[in-house]
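Student: What follows is a structure written as structure tokens; I'll ask about it next.
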Amino acid sequence: MMTKIREKTHLLLYVLIFCFVGLIVIEWGANYSDTARTTRGVIGKIDGDDIRYADFQTAYFNQIQQMQQKKDGESLSESEMEMISDQIWNQMIEETLLRNFINKNDIAVGDSEVVFHLRNNPPDFLKQSPSFQTDGAFDANKYVQALSNPAYAKEWAQIENILRMQLPYSKLQSMIVLSARVSDAELRQEYARRNLKVNGQLIFFSPSEFSANTIDVSDDELKAYYEAHIDEYKEPEKARLAYVNFSDAATKDDSAEVFARLDDISKQIKDGKDFADLAKMYSTEPGASKSGGELGWFTRGRMVAEFEEACFDAKAGDIVGPILTQFGYHIIKIEETKFKDKKKKSDAGQQDSVKASHILIKMEASPTTIETVRENANAFYELAKDGEFDEAVEKYSVKHSLRVDTTAEMLNNEFGMVAGFPDRLKNVVRFAFNEEIGSTSKPHRTSLGFTIFKTISRSKAEIKSLEAVKDRVKNAVLEEKRKDMAFSRAQEYRTKMTSMADIKKIDTTFYIRDLNNFTINNSIPGVGRDAKLAGALFQLPLSLLSEPVKGTRGAYLVQIFTRDEFNESKYQAAREELKRQLINTKQQRAYRDWLEAYRKGTSIEDFRAEFNL
């Protein structure tokens, strides 16, 4: 028995070591494979260090496979693949920056530190191992027994080497976040912000009550405001693109194939095949391969109309469909129904409900259709890439129903946002701002199909002249003046009032707004959030009508009836958890700030576009 246990523990440790080293390769960029040494090019440079294509590609395709598994094998969109590319790229940048900093500053760990951490702070991949757990929780006794067993010395030596590589990174991170401190004053302020409430009433004096047509704005006022807010009139670099799209929608042949599949599934159901097995085999719904298409119980209003109507018109045991919805075609099996009996008073509050399973077949293009569309888009590109975009449009427009559209002006952004497209298209943004005007892109897979872009205009970043933004400046000055007028009216009315109720004697059009259990984070009813006012509410005297308060949205008169006092005992009870939350937030911010500052001082060259990644 002990021999078998020992063999299993040996195997477990080997598996854990292998898996953890694999994680290090992907997340920390360590090179443990011979194939990674055989590079196929350099995909970037960080402070002169090469980021090798082979290393990047390994991590990139591993991540794609993981995401595809989560989506039941469904292919990823171009925007999803770009997102993965960015994640891997940023991980590699971070790892390289950290490694370089560690090497430059001689941050290392000694043998005693490694042994201490191995004994007293084992890494998560060991804590999470079933062999070191009891009832799902880490069992320190089991761990210590295995750690003390000389039969596993070779495996533990390898894990020590892993820790020796990992710990300098943990030590650096600890050094960075060490500066994160939270004072008692900060804790008290945050506790008050989250918990203290006021009750009262207010009157809002809105700037919108004053017509802009009656207000004069001089040229000197425009100039003064423009110069004081010059940063607001910086115009970033912008670009516009023309594009054509080859649709990858399902063809008539694809539709016929879908209908044939639906007929085949229906026939198999009639022949007695298990519905859940068929759902696992054929359904295109994410998760159906595990759930067997089971939807559980649902009431009216939970499903799209066509699906709901079909289910609630059926009875238990029925096979319904195919039913067409926005998601595709559904074959539905009604497992059970619970319909209330209108004659029974006991059923009065009961809702009709149905328990069902379904098989979803999407109406989508076949791989053959998609490949044909891709080939047509590539043929268009081959003709258009040398400046013959218009000629290519003329040649392909009739057969493929092409039309040239243009995007609105777009900003150079790191998120891949292209005006008019819901996709994340970072390579298209790079193309728009780096290629010559008139250049044609390779086909990109977008939500529309295979889309080919052409650069048509690009403007440089600049500060707009006062003349160019005169209307914007005037509107801003007018808004400031209207706020001042609202405050002046509040001052005038305040001289005639001793309580909130007096407003009705002065102006019946004003509305008294209630503040019920109001906290600093709340919005003012009918007005919105106003940070200036929210802060003032906790400083004003109780019961008395306030002097006018100038907020960010307008002016206010306020009367506070009750306000929570700071409860010392409740604060002390919540203090440690609150401190933990604020420290964690500050530590994360400290690390991000340090990394961003270090990154700004680093030379980073990104060649991914050359590899279409």
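The values are calculated or read from the model by the stated rules, or taken from the named source; none is laboratory data. All of these numbers come straight from a predicted model, not from anything done at the bench. Because the Cβ atoms are built from the backbone with ideal geometry, glycine has one as well, and the counts that use them run over all protein chains shown. Note: accessible area is taken over every heavy atom of the protein model, side chains too, but ligands, DNA and RNA are not part of it. Shrake-Rupley method; radii C 1.70, N 1.55, O 1.52, S 1.80 Å.
Student: Mind checking which residues of the stretch 116-137 are within 29 Å of Q588 (Cα to Cα) and open to solvent by less than 70 Å² (accessible area, probe 1.4 Å)?
Tutor: Of everything in the stretch 116-137, those that are within 29 Å of Q588 (Cα to Cα) and open to solvent by less than 70 Å² (accessible area, probe 1.4 Å) turn out to be H117, L118, P122, P123, F125, L126, K127, S129, A137.
Student: Follow-up question, since we're still on this one. Within the stretch 138-161, is even one residue under 29 Å from L595 (Cα atoms), open to solvent by 50 Å² or more (accessible area, probe 1.4 Å) and assigned to a helix (DSSP H, G or I)?
Tutor: yes
Student: To continue, here is another question. Check whether at least one residue in the stretch 486-507 is surrounded by 13 or more Cβ atoms within 10 Å (Cβ to Cβ), at pLDDT below 90 and not in a helix (DSSP H, G or I), and report yes or no.
Tutor: Checked against the condition, which is being surrounded by 13 or more Cβ atoms within 10 Å (Cβ to Cβ), at pLDDT below 90 and not in a helix (DSSP H, G or I), the stretch 486-507 yields no hits at all.
Student: Another question about this same structure. Considering D386, D318, which residue is without any contact (Cβ under 8 Å) to a residue 24 or more places away in the chain and open to solvent by 80 Å² or more (accessible area, probe 1.4 Å)?
Tutor: D386
Student: Sticking with this structure for a sec: Whether any residue in the stretch 537-550 is in a helix (DSSP H, G or I), modelled with pLDDT under 85 and either open to solvent by less than 80 Å² (accessible area, probe 1.4 Å) or over 20 Å from A185 (Cα atoms) (or both) is what I want to check.
Tutor: No, the conditions are met nowhere in the stretch 537-550.
Student: Being of a type in the set (A, V, I, L, M, F, W, C) and in contact with an Asp or Glu (Cβ under 7 Å, 6 or more places away or on another chain) is true for just one of L126, L97, L118. Which residue is that?
Tutor: The match here is L118.
Student: Could you list, in sequence order, the residues of the stretch 288-307 that are assigned to a helix (DSSP H, G or I) and either touching a strand residue (DSSP E or B) at 6+ places or on another chain (Cβ under 7 Å) or surrounded by 18 or more Cβ atoms within 10 Å (Cβ to Cβ) (or both)?
Tutor: Of everything in the stretch 288-307, those that are assigned to a helix (DSSP H, G or I) and either touching a strand residue (DSSP E or B) at 6+ places or on another chain (Cβ under 7 Å) or surrounded by 18 or more Cβ atoms within 10 Å (Cβ to Cβ) (or both) turn out to be A288, E306, F307.
Student: While we're on this one: Just to verify a result, which residue in the stretch 324-340, among those that are among the β-branched types (V, I, T) and crowded, with 18+ Cβ neighbours inside 10 Å, is farthest from F259 (Cα to Cα)?
Tutor: Top of the filtered list is T337.
Student: Continuing with the same structure: If you take the residues of the stretch 223-250 that are assigned to a strand (DSSP E or B) and farther than 15 Å from T407 by Cα, which of them is most open to solvent (accessible area, probe 1.4 Å)?
Tutor: Ranking the qualifying residues of the stretch 223-250, first place goes to K234.
Student: Looking at T519, is it open to solvent by 70 Å² or more (accessible area, probe 1.4 Å) and over 29 Å from Y225 (Cβ atoms)?
Tutor: Considered against the rule, which asks whether it is open to solvent by 70 Å² or more (accessible area, probe 1.4 Å) and over 29 Å from Y225 (Cβ atoms), T519 comes out as no.
Student: If you take the residues of the stretch 461-492 that are among the small types (G, A, S) and within 19 Å of D219 (Cβ to Cβ), which of them is nearest to the chain's Cα centre (by Cα)?
Tutor: Only one residue tops the list, namely A476.
Student: Something else about it: From the set of residues in the stretch 437-456 that are of a type in the set (K, R) and under 14 Å from L383 (Cβ atoms), which is most open to solvent (accessible area, probe 1.4 Å)?
Tutor: Result: K442.
Student: Among the numbered criteria (1) surrounded by fewer than 14 Cβ atoms within 10 Å (Cβ to Cβ); (2) under 30 Å from G554 (Cβ atoms), which single criterion is violated by N413?
Tutor: N413 satisfies all of (1) surrounded by fewer than 14 Cβ atoms within 10 Å (Cβ to Cβ); (2) under 30 Å from G554 (Cβ atoms) except (2).
Student: Given the criterion part of a helix (DSSP H, G or I), open to solvent by less than 80 Å² (accessible area, probe 1.4 Å) and within 25 Å of H358 (Cα to Cα), identify the matching residue among D254, D263, D277.
Tutor: Step by step, each of D254, D263, D277 is checked, and only D254 is part of a helix (DSSP H, G or I), open to solvent by less than 80 Å² (accessible area, probe 1.4 Å) and within 25 Å of H358 (Cα to Cα).
Student: Looking at (1) part of a loop (DSSP other than H, G, I, E, B); (2) open to solvent by 80 Å² or more (accessible area, probe 1.4 Å); (3) of a type in the set (S, T, Y), find the lone condition where T602 falls short.
Tutor: (2)
Student: Of S179, S112, which residue is assigned to a loop (DSSP other than H, G, I, E, B), open to solvent by 40 Å² or more (accessible area, probe 1.4 Å) and farther than 30 Å from A555 by Cβ?
Tutor: Among S179, S112, only S179 is assigned to a loop (DSSP other than H, G, I, E, B), open to solvent by 40 Å² or more (accessible area, probe 1.4 Å) and farther than 30 Å from A555 by Cβ.
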